[in-house]
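Report on one structure; see the data block that follows.
The values are calculated or read from the model by the stated rules, or taken from the named source; none is laboratory data. Just so it is clear, the structure is predicted and the values come from calculations on it, not from any experiment. In this analysis, Cβ positions are derived from the backbone assuming ideal geometry, glycine residues included, and neighbour counts consider all displayed protein chains. Note: accessible area is taken over every heavy atom of the protein model, side chains too, but ligands, DNA and RNA are not part of it. Shrake-Rupley method; radii C 1.70, N 1.55, O 1.52, S 1.80 Å.
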Amino acid sequence: MNDDAHRPTPRRWLAAHAAGQRGWLALAALAGFGAGAATVAQMGLLAWIVSGMLIAGATLGELGETFALLAGVLALRALSQWGQEVAGQEASLRIRQRVRAELLDHLAALGPVRAGERHSGGLASQLVEQVEALDGYFARFLPQLRLAVAVPLLILGVVLWLDWLAALFLLLAAPLIPLFMALIGMGAERLNREQFVAVSRLSGHFLDRVRGIATLQLFHRTAEATAEVHRAADRYRLLSLRTLRVAFLSSAVLEFFASVAIAMVAIYVGFGLLGYIDYGPADELTLFSGLLVLLLAPEFFQPLRSLAQHYHDRAAALGAADGMLALLAEPVHRADPQPLVGGKGLVALEAATLSHPGRGRVVGPLNVVVQAGEVVVVTGPSGAGKSALLQLLAGFVAPDEGQRLTRPELAIAWMDQRPLLIHGSLADNLRLAAPEASDSELSQALERARLGELLAALPEGLDTRLGEGGVGLSGGQAQRVALARVFLSRAPLVLLDEPTASLDEDTEARVVESLRALAAEGRALVIATHHPALMAMAGRHLRLTAAGLPANVEEGADA
């Protein structure tokens, strides 16, 4: 599915997911057919009651059993409609869970580097809004698609038994409705696709402006940013209104043809009962048969009406599926790491290379072995592939060539110059690395990261709330919170990408001191840096050239 040549169309992809819940969808259609059959019985009983009272002169008491039967039919119809709704929703829920899991599994397979190339706002829109857009298609449209054929055929058969000429009127009008629905649906699908693209862009656009609000305020650009968001939102509004116009147009077309057909049947029945028409079965019309035909005529078109109401669900699902298939089509380089046996090695790269789209090869081929307890410093000019090397060692990306070997179930701690801090308490952020850690263990980790003074100064201590991205902490404090997480993780391999970049001299010294304490625990550290103090910690020094190739590997702390 990652190959464009084998990429399924949105229709086939949706059909494949529907096949997995064939039982629930069939049950929904069966319950809907039961409701349709109960409707036919209900109309027959109503026509019988009216005919009996007006023609046979029957009293209400004499029709008591018929009224009781009518009440039972109404209860059966309500129960069938409830069953159709429950079965359809169950099928939809299971399919949406499966689709969301499929998307999440693919994002996990892409890894944090490949997945990070997509905007988080757009991904959130796909995982929430686009997946939810499938609900109406599976819960309502697919069962109704079967009912739009089965129930009209049942009613047509009953009307044909009563009066073949009235059945002919219904039969002639029926094909026009799905024909015009299909023509209008082609445009609706395209509009829904554009609408989903627009809302994904709007999500990302708005999230970018919120994240950069401080910078926008510093440069007095908030008014322009607000105007941009307004323009993007207005475009989405226009696309939404265009989609609604198409939906209303399809309903108007349906109602027009249905009204014309019902009017023709009503005229025929009325003139037939009055004796003005003597062609065909008109002479045999009775109040019962004529009234039943009139009552069934709107019900003949009701399944088609319902299908038209849910037809925009189909267009929305196809538009959403197109966007999700684009994500699922992104290639995944699967390369399960080979086991590293013998010696003290934790992770190794053998002739490993890595390429990025549009940039070509960014690093390699590399042959690197990281031993337990050693400190390796990686240096090189900007763009030489230092971050790419760390990503390969971490397994965030698979090598395009060569292989990665690692100890079984090797735990890795990662830290860069922009640590991930979530909206929550200080304790919540620390427990990302150790969910079961106690408060005393959290405090001890903060002490080792040289944040004991900060913890003592916080009025709420570990319960102090932080904003997303570490709002409430300085850059150095955020780095040391990330270091505290590394201490909590107990991972034998720690990968650090420019951990002291953009820090002031005092904070820098504190971070370096914490890293020395980390190395003293016997953990292996691989540090991409230009900082002299960190380079002095190294047992090995790996220099990368501008092309990503290793220039040399030197032993000793003063390399």
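Okay, here's what the table says:
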quantity: Test: Val50 is under 47 Å from the mean Cα position of the chain (by Cα) and either assigned to a helix (DSSP H, G or I) or modelled with pLDDT under 85 (or both); calculated: no
quantity: Criterion violated by Ala427 - all others in (1) free of Cβ contacts under 8 Å to residues at least 40 places away in the same chain; (2) assigned to a strand (DSSP E or B) satisfied; calculated: (2)
quantity: Single condition Ala38 does not satisfy, out of (1) within 30 Å of Gly323 (Cα to Cα); (2) touching a Lys or Arg at 6+ places or on another chain (Cβ under 8 Å); calculated: (1)
quantity: Qualifying residue in segment 481-490 (condition: in contact with a strand residue (DSSP E or B) (Cβ under 9 Å, 6 or more places away or on another chain), surrounded by fewer than 21 Cβ atoms within 10 Å (Cβ to Cβ), in a loop (DSSP other than H, G, I, E, B) and on the phi > 0 side of the Ramachandran plot); calculated: yes
quantity: Residue selected from segment 69-99 under the condition open to solvent by 70 Å² or more (accessible area, probe 1.4 Å) and among the aliphatic types (A, V, I, L, M), by the criterion farthest from Ala35 (Cα to Cα); calculated: Leu93
quantity: Cross-chain or 6+ apart pairs with Cβ under 9 Å, segment 266-293 first and outside any helix (DSSP H, G or I), then of a type in the set (Asp, Glu) and loosely packed, with under 15 Cβ neighbours inside 10 Å; calculated: Gly275/Asp283; Ile277/Asp283
quantity: Helices (runs of 4 or more DSSP H) enclosed by segment 119-202 - at least 3 residues per element that are at pLDDT 80 or above and either closer than 30 Å to Leu107 by Cβ or in contact with a Leu (Cβ under 6 Å, 6 or more places away or on another chain) (or both); calculated: 142-162
quantity: Positions within segment 518-539 being at pLDDT 80 or above, among the small types (Gly, Ala, Ser) and not in a loop (DSSP other than H, G, I, E, B), in sequence order; calculated: Ala519, Ala520, Ala524, Ala528
quantity: Selected residue [more than 29 Å from the chain's Cα centre (by Cα), within 28 Å of Ser387 (Cα to Cα) and open to solvent by less than 90 Å² (accessible area, probe 1.4 Å)] from Ala449, Ala437; calculated: Ala449
quantity: Failed item, numbered, when Glu102 is tested on (1) farther than 30 Å from Val265 by Cα; (2) modelled with pLDDT of 90 or more; (3) not basic (Lys, Arg); calculated: (2)
